[in-house]
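Structure first, then comments.
FYI, it's all coordinate maths here, none of it is from the lab. Every value quoted in this text rests on a predicted model; they were computed, and no experiment measured them. All Cβ positions, glycine included, derive from the backbone under ideal geometry; neighbour counts span all protein chains shown.
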């Protein structure tokens, strides 16, 4: 496995500053289809996805896919992207059952939370790491992930 840092860290102290992160991710989306969100519970993954969806012109409400596992959204220009939350997946066989391989092999953009069990299916991705700091600050780091 290799990780290559591909953008400067972005530290934010309020939700309005997420626009900086959204801009970086939208630039990365031009050449990348798979994104892994690596962050602890309550770090703002869904809030980030709401801001990204708003920027992309998604009109339906963006919610956490914790119970649905996979949410599908359509952007203002008709592009589809998926937001997945694999937190409740206990067994890699369940990934087969939900059709993870099909989602990863189509040409749609996917954002995956709690991807630990899915990493054997992922050969290349952009890893977005979110770290909580003091006073609710968050640091976003961006890496290119490749399995070897």
### Query
Quick one: would you say residue 141 is in contact (Cβ under 8 Å) with a residue 24 or more places away in the chain, closer than 23 Å to residue 1 by Cβ, in contact with a strand residue (DSSP E or B) (Cβ under 6 Å, 6 or more places away or on another chain) and part of a loop (DSSP other than H, G, I, E, B)?
no
### Summary
Checked 89, 62, 70 against criteria (in contact (Cβ under 8 Å) with a residue 24 or more places away in the chain, surrounded by 12 or more Cβ atoms within 10 Å (Cβ to Cβ) and in contact with a strand residue (DSSP E or B) (Cβ under 7 Å, 6 or more places away or on another chain)); the one match is 70
### Query
What residue, of 124, 79, 101, is in contact (Cβ under 8 Å) with a residue 40 or more places away in the chain and surrounded by fewer than 16 Cβ atoms within 10 Å (Cβ to Cβ)?
124
